[in-house]
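First up is the structure itself, then whatever we jot down about it.
The values are calculated or read from the model by the stated rules, or taken from the named source; none is laboratory data. In this text the structure is predicted, and so the values were computed from the model without any measurement. Cβ sites come from the backbone with ideal geometry, for glycine too, and all protein chains shown count toward neighbours.
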């Protein structure tokens, strides 16, 4: 599955990446070729393989809930690590995503009864 995913993604990106220019750049500068290779392996292939491995070991319901946490984590990491400040809609999105995660973690009986936990 991983092989086909990367093949299709590569085929889709090929027209946009100027392959002749990239090849000549990689051939002319060996450190550039190493950087391209590391970028492909460490920043793309390795996380995808770890993500796929993690999904194979957990329930599909929990995996879908964790998928909601990814943009929330990325936003908060951007604030903490890079000093980015979201606008009002960005913060509203953070609050809504966090609320959705809390609601999704509640047992279904509590959600139907309208019992929302006190998280503060």
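Numbers below:
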| quantity | calculated |
| --- | --- |
| Among (1) closer than 25 Å to residue 4 by Cα; (2) touching a residue at least 24 places away in the same chain (Cβ under 8 Å) - the single one residue 61 does not satisfy | (2) |
| Cβ pairs under 6 Å, 6+ apart, first in the stretch 9-33 and under 18 Å from residue 44 (Cα atoms), second assigned to a helix (DSSP H, G or I) and modelled with pLDDT under 85 | 32/25; 32/26; 33/26 |
| So residue 41, is it in a helix (DSSP H, G or I), closer than 22 Å to residue 2 by Cα and either in contact with a helix residue (DSSP H, G or I) (Cβ under 7 Å, 6 or more places away or on another chain) or modelled with pLDDT of 85 or more (or both) | yes |
| Qualifying residue in the stretch 58-79 (condition: outside any helix (DSSP H, G or I) and surrounded by 10 or more Cβ atoms within 10 Å (Cβ to Cβ)) | yes |
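So that you can scan it fast, the table gives a plain yes or no per residue for (1) part of a helix (DSSP H, G or I); (2) surrounded by 10 or more Cβ atoms within 10 Å (Cβ to Cβ); (3) in contact with a helix residue (DSSP H, G or I) (Cβ under 9 Å, 6 or more places away or on another chain):
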residue: 6; (1), (2), (3): yes, yes, yes
residue: 10; (1), (2), (3): yes, yes, no
residue: 15; (1), (2), (3): yes, no, no
residue: 21; (1), (2), (3): yes, no, no
residue: 24; (1), (2), (3): yes, yes, no
residue: 27; (1), (2), (3): yes, yes, yes
residue: 33; (1), (2), (3): yes, yes, yes
residue: 36; (1), (2), (3): yes, yes, yes
